[in-house]
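To start, the structure itself, in structure tokens.
The values are calculated or read from the model by the stated rules, or taken from the named source; none is laboratory data. These numbers were taken from a predicted model, which means no experiment stands behind them. Every residue, glycine among them, receives a Cβ derived from its backbone with ideal geometry; neighbour counts consider all protein chains shown. In case anyone asks, the SASA skips ligands and DNA or RNA and just uses the protein heavy atoms, side chains included. Shrake-Rupley method; radii C 1.70, N 1.55, O 1.52, S 1.80 Å.
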Amino acid sequence: MWLKAAGVDSIPPATGLSFNNMHLALDAAIAGHGVVLAQSTIAAADLAAGRLVRLFSLALPDPFAYYIVTAPGALERPKVRAFRDWLRSEADN
């Protein structure tokens, strides 16, 4: 999605290293083994510490989402509501 938004259509698939774990991909980039497309929330600490640098200003919103799901009426219970509120505040950070 990022390559398409950047107008890039000529990079062949499956070239170079490939990871199925974002943290491993970030570690490889930090070690100098290439670049990585990463979620800014996951890469934020490495960017802030200078271990990684942002190469492009182009950023896309994450099309995927997480949902908090409860049984009907569960939010009436104080512990459930407190957990939901805490989880949302953590996600906002």
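Data overview
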| item | result |
| --- | --- |
| Extreme residue, nearest to residue 8 (Cα to Cα), among residues of the range 54-74 that are open to solvent by 100 Å² or more (accessible area, probe 1.4 Å) and hydroxyl-bearing (Ser, Thr, Tyr) | 57 |
| Test for residue 89: is it under 24 Å from residue 25 (Cα atoms), without any contact (Cβ under 8 Å) to a residue 60 or more places away in the chain and of a type in the set (Ser, Thr, Tyr) | no |
| Residue in the range 40-62 that is among the basic types (Lys, Arg) and closer than 26 Å to residue 93 by Cβ present | yes |
| Verdict on residue 91 being at pLDDT below 85 and either under 21 Å from the mean Cα position of the chain (by Cα) or of a type in the set (Phe, Trp, Tyr) (or both) | yes |
| Filter result (open to solvent by less than 80 Å² (accessible area, probe 1.4 Å) and not in a helix (DSSP H, G or I)) within the range 28-42 | 31, 32, 34, 36, 38 |
| Out of 51, 77, 81, sole residue that is touching a Leu at 6+ places or on another chain (Cβ under 6 Å) and either at pLDDT 90 or above or exposed (fewer than 12 other Cβ atoms within 10 Å of the Cβ) (or both) | 81 |
| All positions within the range 1-17 that are surrounded by fewer than 11 Cβ atoms within 10 Å (Cβ to Cβ), more than 15 Å from the chain's Cα centre (by Cα) and not in a helix (DSSP H, G or I) | 7, 8, 9, 10, 11, 12, 13, 14, 15, 16 |
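Residues are listed down the side, and each one gets a yes or a no for (1) under 24 Å from residue 5 (Cα atoms); (2) of a type in the set (Gly, Ala, Ser); (3) outside any helix (DSSP H, G or I); (4) within 13 Å of the chain's Cα centre (by Cα):
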site	(1), (2), (3), (4)
19	yes, no, yes, no
26	yes, no, no, yes
44	yes, yes, no, yes
56	yes, no, yes, no
59	yes, yes, yes, yes
70	no, no, yes, no
75	no, no, no, no
80	no, no, no, no
